[in-house]
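To start, the structure itself, in structure tokens.
The values are calculated or read from the model by the stated rules, or taken from the named source; none is laboratory data. As the structure is a prediction and not an experimental result, all values here were calculated from the model. Note: ideal-geometry Cβ built from the backbone for every residue, glycine included; neighbour counts use all protein chains shown.
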Amino acid sequence: MDSTVPSDPVPNVVDLAARLRAELGEESVPQVPQARYGGDRAVPGASDIFFVLVLPHDVAGVQTTLRLAHETATPVVPRGAGSGLSGGATATDGAIVLGLERLSTIREIDPLDEVAVVEAGVITADLSAALAPHGFFYAPDPASVGISTIGGNIATNAGGLHCAKYGVTRESVLGLEVVLADGTLLRTGHRSIKGVTGLDLTQLLIGSEGTLAVVVGATVRIRPLPVARRTVLARFDSAAQAAAGVGAISRSPVQPAATELLDAGTLADIDAHAGSHIAAGDGAMLLVELDGYGVEEQTRDLIGALTAAGGDVRAIESETEAERLWELRRSSRAAGGGRARLGEDVAVPTSRLAELLTELEAIGRRHGVRTSAVAHAGDGNLHPSFSLLGVPEDPSGQLPPAILAAADDLVRTALDLGGTISGEHGIGTSKRGWLDLELSPASRALQHRVKEAFDPQHLLNPGKAL
């Protein structure tokens, strides 16, 4: 993006930018917004669109922005860190891109009530770092935990490695502070762990991808740091057998904090990317973390269950080795780059995960594309990857038809197995074409009426999610 002024500028948007600078200050409305604000990690912004970037320092600045946008009928695209993977923060032509990154204050930490009050731009990992001296942590931990923001996590209902035990973002949010489309500040929910007064607007807003309101703050639940942790590694001959190992865990008395499945293709990609040596032929891996009291007893029972399921199992005694394994797991999304590639996100009941992994391989053969997969196996959330060797990545984000056809087959298979088209990344722009496969006409119509109630001019994040 070379300029804030397009070749054929929209007068009201240019005038609006000037009004915003007058009210918020010059540095809150950059003359030339960086191109990275036009898209997210999966869907880049188009090079020929024009948008106004607004980076307010406080909630009042967000209210001012939305009030002026409402007065001028200007679309607004809310944005956290842009770490999303579905196009939810991709700019639209003539819109305001409203970045919340400067709302980064942790307002309160209360160990007695087990809550923290934070602004939307707080980095997820920074919250846990601030909680650690108090003996607490914040449970949701998407792979982007080091860069993603609390507000963005709330907008997408982000998941992560520890969802199987601690739940996704919605299980850790008690109340919200949001700004409505007309600039009105609204507080929802409560500070207490329990509360059932009125309709649950907090849960409605979580995962709504900025289409109903702009999240500016949250009261979140925090949890005591576990007294102990232990990592267990299990190798299986195939991904389907590793998925059967997940079933064995479900039948045991153990509830792991994290259960991650990495197939042979993912392990090979990680080794190529990181210079590690964790792949073992065509075999797959389960990487499991246990935490809390009785970790020795948990480890014993887990090893027994996975060994009986055919796994080659060992507990990782070295903390350094365990940290390195989890670091490699988190790096799996970056591995396998440089070629035409699509990372997907579906979820199925955990009992059907082996079927989905088996069908993934068949889909790859059918369409002539390479497949690999990593899964939050403890809750059935699969992140498969489709790629074509020898076909370079297109900077514009365009993908070969074979990859798109393979992804379509995968999504339909997940639905046939009782699953969903998105486990944690959200719909954004990249998954809108599959919505009618999962949601009935009555459900879609009701959701659009809810949108009308919150945002009658349809200004908030147009074209996303719904």
Legend entry - Hits in the range 410-453 - residues which are crowded, with 22+ Cβ neighbours inside 10 Å, within 19 Å of Asp379 (Cβ to Cβ) and either polar (S, T, N, Q) or without any contact (Cβ under 8 Å) to a residue 40 or more places away in the chain (or both): Ser422
Inset, instruction - Could you check how many residues of the range 118-155 are part of a loop (DSSP other than H, G, I, E, B), buried (at least 20 other Cβ atoms within 10 Å of the Cβ) and not charged (D, E, K, R)? - result: 11
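From Leu85, Leu112, Leu103, Leu98, which residue is within 21 Å of Ile427 (Cβ to Cβ) and in a loop (DSSP other than H, G, I, E, B)? Outline the logic, then answer.
Numbers: Leu112 fails: within 21 Å of Ile427 (Cβ to Cβ); Leu103 fails: within 21 Å of Ile427 (Cβ to Cβ); Leu98 fails: in a loop (DSSP other than H, G, I, E, B).
Checking each option against the conditions leaves just Leu85.
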Legend entry - Filter pass, Leu212 being touching a Phe, Trp or Tyr at 6+ places or on another chain (Cβ under 6 Å), aliphatic (A, V, I, L, M), assigned to a loop (DSSP other than H, G, I, E, B) and under 16 Å from Lys451 (Cα atoms): yes
Inset, instruction - Check whether at least one residue in the range 352-370 is in the same structural domain as Ala407 (by TED's automatic domain parsing) and under 17 Å from Ala143 (Cβ atoms), and report yes or no. - result: no
Legend entry - Residue in the range 269-284 that is assigned to a helix (DSSP H, G or I), of a type outside the set (Asp, Glu) and either buried (at least 22 other Cβ atoms within 10 Å of the Cβ) or in the same structural domain as Ser192 (by TED's automatic domain parsing) (or both) present: yes
Inset, instruction - Within the range 54-80, work out how many residues are surrounded by fewer than 24 Cβ atoms within 10 Å (Cβ to Cβ), among the hydrophobic types (A, V, I, L, M, F, W, C) and at negative phi. - result: 4
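Okay, residues lined up against (1) within 29 Å of Thr65 (Cβ to Cβ); (2) modelled with pLDDT of 95 or more; (3) β-branched (Val, Ile, Thr):
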| residue | (1), (2), (3) |
| --- | --- |
| Arg412 | no, yes, no |
| Gly418 | no, yes, no |
| Thr429 | yes, no, yes |
| Leu439 | no, yes, no |
| Arg444 | no, yes, no |
| Ala453 | yes, yes, no |
| Leu459 | yes, yes, no |
| Gly463 | yes, no, no |
Inset, instruction - Residue by residue through the range 286-300, note down the ones that are over 25 Å from Ala239 (Cβ atoms) and surrounded by 16 or more Cβ atoms within 10 Å (Cβ to Cβ). - result: Asp291, Val295
Inset, instruction - Select, from Arg230, Arg191, the only residue that is outside any strand (DSSP E or B) and basic (Lys, Arg). - result: Arg191
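Can you find even one residue in the range 25-40 that is surrounded by 15 or more Cβ atoms within 10 Å (Cβ to Cβ), within 22 Å of the chain's Cα centre (by Cα) and assigned to a loop (DSSP other than H, G, I, E, B)?
yes
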